[in-house]
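Beneath this line is the structure, given in structure tokens, with notes to follow.
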Amino acid sequence: MRLIKMVPVVGLCAVSFLPVSVAAGEYYSIINASSGLCLDATATRDDAFVQQSGCQNSLDGQKWQKVSKEPRSFKLQNKWTGMCLDVYAPENLEYPWLNTVTTSECDQRKKNQKWEDIGRMRIRNDHTGQCLAAPGKLELGTVKVVNCGKDDLFLKWSKK
């Protein structure tokens, strides 16, 4: 007789990444489901790469807030830099390795700063149609956007 060990999974199926209840001005950490590492702004200048690193509640570079003037999409603004999550090369969809996530000055006209929660804990860039992706479990690895087709954990994010 074969025994199967059942392990409960809590909250992964019904959790939305950024629920409507997130208040303007509320900062939180964004954590990758695969690595357990936090989305982290690296510098206070335009086009600074965004990485994932060990979560530390005291680091403002790991704090983000949802800002929106549109019903469907939103921007993610970093507390330390005051800049918004951006895609460095959104015009290069045929070269996905160029689609590195950065921070840059928040600007309503920048289409590549608009994001949407597409469910199952995934965040899609409104302009490229690609999802925010962690570089595996690599600490200090650069975050990118990739095709959303797969349901891999490195595409899933939660907030804390």
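Worth pointing out:
- In this structure, Glu26 and Lys150 have a Cβ-Cβ separation that, at R0 = 41 Å, corresponds to a calculated FRET efficiency of about 0.85.
- Region 96-160-region 36-78 distance, computed between alpha-carbon centres (Å): 11 Å
- Between amide H atoms placed 1.01 Å from N, distances below 5 Å from Asp47 occur with Thr103, Ser104, Glu105, all of them 5 or more places distant or on a separate chain.
- Compared with the alpha-carbon gap, the fully stretched path from Asp47 to Arg120 is longer by 23.4 nm at 0.36 nm per residue.
- Sequence-distant lysines (8 or more away, or on other chains) whose Cα lies within less than 27 Å of Lys137: Lys5, Lys63, Lys66, Lys75, Lys79, Lys114, Lys150, Lys156, Lys159, Lys160
- Computed over region 28-159, the percent of Cα pairs more than 22 Å apart is 25.
- Remark on Gly141: its backbone amide H falls under 5 Å from those of Gln52, a criterion applied only to residues 5 or more positions apart or on other chains, H modelled at 1.01 Å from N.
- Label-point separation, Gln56 to Glu105 (7 Å along Cα→Cβ), nm: 3.0 nm
Only the coordinates and a few stated rules stand behind these numbers; no lab work does. Note that the structure is a prediction, hence the values are computed from the model and not measured. Neighbour counts are summed over all protein chains in view; Cβ atoms, including those assigned to glycine, are modelled from backbone coordinates with ideal geometry.
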